[in-house]
Amino acid sequence: MNAHAPIKDVAVVLPAYNEERDLPALLARLKETLEHQPFGYNVVVVDDGSKDRTAEIAQEAAKHMPVHLVKHGVNRGLGCAISTGLREAVKYGDLIVSMDADNSHDPAYITDMVRHMNTHDTGLVIASRFRKGSIVKGVPAFRQAMSWGCFLFMKSIVPYREVRDYSTGFRGYRASVLQRLIMQYGDKLVEESGFVCMLEVLLKLRAIGAKAAEIPYTLRYDLKAGASKMRVFRTIKRYFSVVNRYRAALPPKTAVAASGKPVPVPAAMRKPVRLDTAAAQPQHSEA
């Protein structure tokens, strides 16, 4: 039985770095999929110092759909873009969905996430490549083999009940759980800058005991127009580092009341995010 209130609003987070080729199609699919649903929706586009028309595309879309653009003055990396997006999105939704901005994730699965959240007591729903019924299109065999190897390694070293896909960026977070995570980790919500940030966030959710579930989906890498930004071997190296750091991680004790319930989110958290535009190493190229 689900003890949580039904999902009334969804906020979609799109971290974007030079995505002018793929972002228009994804925004159009989001609008078509979500505008007639029984829940409201907002889209948060985090332009991470793009050199192309990514920001302009988001601004144009905002004229006919609820798009909120947040800009980093310089490329600060995927991890920072995810952190900015999640913090911004908790102002708009009961369910926060992160997606890749390269059009490889189908917005139709957002409705499956909402349905699951409305019927189960879970704080996280993952669109997983490793569930029965999932399909992967357009991903080279080498990359698929690596993904399976990653799943088997993670499951043996950092087991997380009901979780198989540790690295996907397509997830739905219940806002209350995300707020608790922000409270407990503060400025250290996301410390990794590259693709490994998704593993980091997952392991922090594991540390606070968030209940997780997965749904099958179809990954359409064949719809991606832009080139992949992942630096494979560097990413693998960072995976080992993050696993070693968080395999026995426990949440900060001061962040949870004695009853075990999350501390209420302060009003300051609901204010617009202040962005640090200081120079940073561009890390989207890793992801």
Report task. Scan region 230-248 and give yes if some residue there is modelled with pLDDT of 95 or more and more than 22 Å from ILE157 (Cβ to Cβ), otherwise no. Result -> no
Report task. Return yes or no: is ALA3 surrounded by fewer than 24 Cβ atoms within 10 Å (Cβ to Cβ), at pLDDT 95 or above and not charged (D, E, K, R)? Result -> no
Query raised in the report: Going by the structure shown, is ILE82 under 24 Å from SER167 (Cβ atoms), modelled with pLDDT of 95 or more and of a type in the set (Val, Ile, Thr)?
Result: yes
Query raised in the report: Is it true that MET117 is crowded, with 21+ Cβ neighbours inside 10 Å, at pLDDT 95 or above, farther than 24 Å from ARG53 by Cβ and out of contact with any helix residue (DSSP H, G or I) (no Cβ under 7 Å at 6 or more places or on another chain)?
Result: yes
Report summary line: The lone condition THR33 fails out of (1) within 14 Å of ILE110 (Cβ to Cβ); (2) surrounded by 21 or more Cβ atoms within 10 Å (Cβ to Cβ); (3) of a type in the set (Ser, Thr, Tyr) is (2)
Report task. Take LYS91 and decide whether it is at pLDDT 95 or above, over 18 Å from LEU219 (Cα atoms) and in contact with a Lys or Arg (Cβ under 6 Å, 6 or more places away or on another chain). Result -> yes
Requested in this report: Take THR54 and decide whether it is surrounded by fewer than 23 Cβ atoms within 10 Å (Cβ to Cβ) and either of a type in the set (Val, Ile, Thr) or modelled with pLDDT of 95 or more (or both).
Outcome: no
Query - Lone qualifier among ASP112, ASP22 - being within 18 Å of the chain's Cα centre (by Cα) and surrounded by fewer than 17 Cβ atoms within 10 Å (Cβ to Cβ) - result: ASP112
Query - Residue list for region 64-103, restricted to those being surrounded by 21 or more Cβ atoms within 10 Å (Cβ to Cβ), over 26 Å from THR122 (Cα atoms) and small (Gly, Ala, Ser) - result: GLY77
Requested in this report: For region 19-36, indicate whether the set of residues that are over 24 Å from MET113 (Cβ atoms) and not aliphatic (A, V, I, L, M) is non-empty.
Outcome: yes
Query raised in the report: Given the residues ILE57, ILE110, which is the only one that is touching a Pro at 6+ places or on another chain (Cβ under 7 Å), on the phi < 0 side of the Ramachandran plot and not basic (Lys, Arg)?
Result: ILE57
Requested in this report: Find all pairs meeting these conditions: Cβ atoms under 8 angstrom apart; at least six residues apart or on different chains; first residue within region 41-68 and farther than 12 Å from LYS31 by Cβ and of a type in the set (Asp, Glu); second residue at pLDDT 95 or above and assigned to a strand (DSSP E or B).
Outcome: ASP47/ALA16; ASP47/LEU69; ASP47/VAL70; ASP47/LYS71; ASP47/HIS72; ASP48/PRO15; ASP48/ALA16; ASP48/HIS72
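The values are calculated or read from the model by the stated rules, or taken from the named source; none is laboratory data. Worth saying up front: this structure is predicted, and the values here are computed from it rather than measured. Ideal geometry is used to build each Cβ from the backbone, glycine not excepted, and the neighbour counts take in all protein chains shown.
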